[in-house]
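To start, the structure itself, in structure tokens.
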Amino acid sequence: MQITIEKLRRWMLLAAALIVAGIAALLLIAQHERRKLLRDLPAKLGIDIQQQTNEFTYSQSIQGKTLFTLHAAKAVQMKAGGNIKLHDVTIILYGRKQDRADRIAGEEFDYDPSSGVARAAGDVFLDLQAPAKAVVASTKSSAAADATKNLADAKAAGVVHVTTHGLVFEQKEGLASTDQEITFQFGGGVTGHARGAQYDSGRGIITLDTAVAADTTLHGRPVHLTAAHGELNRDTNLCVFTNVSYSADGETATADQATIQLRTDGSAERVDTNGNVTLTMAGGGTIKTPHAVVAMNAVSEPKDLQANSGVSYVDSEITATGSRDAHGDAAAAHIVFDDNGVAQRAELSGGVHTLDREKDKTAAGWTERELHAATVDMAFRTNAGTTTLHEVKALGNAQMRLMAPIGTPTAKSSQSTVASATTTLAGDTLDAIFPAGAATTPETVHGVGHTVLTQIAADGTVSEGHGDTLDAQMRPQAHNAKSTVQIASQIVRAVQQGHVTLTQTAVAKNPHAQPMTVTADRAEYTGSDDALVLTGTPQADPQVTDGGAGGGTQGAMQIAARRIRVLRASGDALLTGDVRGNYAGAGSQPPAHIVADHAEVHRSDQHAIFYGAANGNSQQRARLWQDASQVEAPVLDFDRAAQRLTASGNPNDAAAVHAVFASSPAQKKTSGVVRVASRRMVYRTQAAGALSQAAGASANTARQAEFSGGVAVESGDGTIKAQRAVVDLAPADAGKAAANGATTPLPVLGGNVQRIVASGQVALTESGRQGFGEQLVYTPNTTSATPNTAPAGTPNPNPPAASANPTKSSGHFVLTGTAAAPPRLVDPVKGTITGGSLIFNSGDDSVVVSGSGAVSGGSGTAGRVHTELKVTR
């Protein structure tokens, strides 16, 4: 047979067709064998598949409401036991009100239709939808797709995304649970984990068994939350944690239990904490309370905190430069926050007490700030992310105490070598403003109602001012170990107004000393000079009351003036403008009064100086009087400690001092008025025998006035001129003056003049006669000329009896001279008489000339009498 090209082509096509047919036959046989293998393999492996279904969906409803829907991409029902293997499973759980849809997704579940229990193998993803947020997602999406989608939507939709293992879903109870580790994530970047969880879809309760922890970021701050156990009720939107701890920016808050009320959008609306609630601040300090409630804003930041079961604060730290210790207590606390959760205002109530103590290593002691009040309202300021105190308003018996150390530490210990200075401000209301920054000392303090400013100096001197209002400008306490400034380091300026009363007590200097009290309408304190300036009203000037050296009112002094300036540390005062004063008399003595233009009161040494007003080149006199007795001089200087009154003026004014001595009606005795003028007077009141024994002075004299610089004495008996004079007054009835260590107060001017001793160029004018000598002893109230047989210049041992005529003056003069210039009498009738001594009796105009005894100034003419008679022509 001839093989042609055409035949060869046909054979090749036929061979190819046979090959294709053979391959097809082989494929059919292989497919048949595969199907047979797949059909027979489960039985060979011990697997008994009853039914296999793709796109499996199951729903359960009650009264028309869907409880849950279960969807699987594939379901394989096993013959043995009837369990169903579900692949790519999604379970949708609906709330009772159909207002939420939660989702459980996993790669594989083993579902038992008889018990309604589905057990997951591998990872499980739960999307717990926030209330009122609809989940729009296909129930036919894969678990992986669901997980990816929900992670992406979690922040926007408020969905809580949970990942866990070993989940068990109980269909009949609608309960999903696991005892494995779970992790969760939800809106706002919150991530966390716990050990074991249950979700009751029927009751809407989510339970986290143990080891709950969560982390997030708020305003750039990392936040960490832990709890031993947690439970969320989806129906009531309540979340309860036990043994909870919250920390952010170094601050921590802990409580035995915290109950969180959620809004419908899942944000926190209210946090109720109970049991050992403790807040530890980042910079130190711990706040504790048994119960606190926090209201939250829309972004779950605190906006209001209320604690009504007692609040305490404690802070203690030791640094390289020193130490700090603080604590406080209150019955309740209320804190208001801004939109960012930063405290704006805090109100403490119910017996509020705070104490803040600081000590620098170089300081002598502790600097303290203490506050007491019924209610304290605090306002805060925030600058560059830092919150500091701006204002503190204390109400109800408010008291703020500031104490600063004075001095340096000793070489062997840190104790101060001197005491501390203390300032206390009090009132019905105190309003303190703090400077910007972290200062703990107020810049200003404003007080209203029953205000008190108390200052205790390092030496124990206490100054206490009361008034209607108080305004104080404070100076921050500087740690200056060498500082000797006391109160001035704490107050720059303070003003009290309205019914001001200042009390000054120098406890350390004299335990018997009575307080000095100043009343005024306004008192201004300046810390630079540690002084108070007091002013009054047109109706009432400020007034100083000084209790003197002893108890009671013995020797008390009251002085009023237009303006009074008091040095707080010493109590010394400067009074200006229309000065008026009163001294309380001792025993039965009447009070003494004084007027002056201005005055100085030196309390430390019980010294007071009164000045008259300047009048051109001269000076008007200050005046002191007691009953009818008085002293006038440009300067009246009282030294109560030495029981001395000094009156003086211009040295060129021979009559600068005017004194009047008159009998006090209380003594029921009659004597003439004695007037004395001189350049200077020194008046003393002391115990008998304690005065200086000037010539002719009696050892029994209790009161004495010494005049110098030229003296003129006028009385009903005559006129005396001399260089000097000593006036002895009858002893005062001191009564109770010695009680409690008091001495007889100054002044006591009233009473009988017992004697006047004049010396130095004495000139006597009496009944038209003149006597000249070196010394004259004048004794009022005598009626006879009984000679003085005692030595010249000494008292008469046989003084004449009192006059039977109380209206008739009967003075007794003893005039003596010197050896070179014996006394002489110039009588217009009898002429001139000299002798050792001349004794004048004004009552009967008699003169006794004595030649016995020494002549004043020496001997030489003793016993010699010379008489020159005037002959009428």
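The slack between Ile318 and Thr765, meaning 0.36 nm per residue of separation minus the straight C-alpha distance, is 152.1 nm.
Under the convention that each Lys and Arg Cβ holds +1 and each Asp and Glu Cβ holds -1, the size of the dipole of region 286-347 around its Cα centre is about 100 debye. Accessible surface for region 305-403, divided over its residues, is 47 Å² per residue with a 1.4 Å probe.
Charge tally for Asp428 (other residues, Cβ to Cβ under 12 Å; Lys, Arg +1; Asp, Glu -1): -1.
Sorting the segments 321-328, 674-681 by their residues' average number of neighbouring beta-carbon atoms within 10 angstrom, most packed first, yields 674-681, 321-328. Neighbours of Gly447, meaning other residues whose beta-carbon lies under 11 angstrom from its beta-carbon, give a summed charge of -3 when Lys and Arg score +1 and Asp and Glu score -1.
Among residues other than Gly174 with Cβ under 9 Å from its Cβ, the summed charge is -1 (Lys and Arg +1, Asp and Glu -1). If R0 equals 22 Å, the separation of the Cβ atoms of Glu55 and Lys172 corresponds to a calculated FRET efficiency of about 0.35.
The values are calculated or read from the model by the stated rules, or taken from the named source; none is laboratory data. The model shown is predicted, which means the values in this text are computed figures rather than measured ones. Positions of Cβ are backbone-derived with ideal geometry, glycine not excepted, and every protein chain shown enters the neighbour counts. Only protein heavy atoms, including side chains, enter the accessible area calculation; ligands, DNA and RNA are left aside. Shrake-Rupley method; radii C 1.70, N 1.55, O 1.52, S 1.80 Å.
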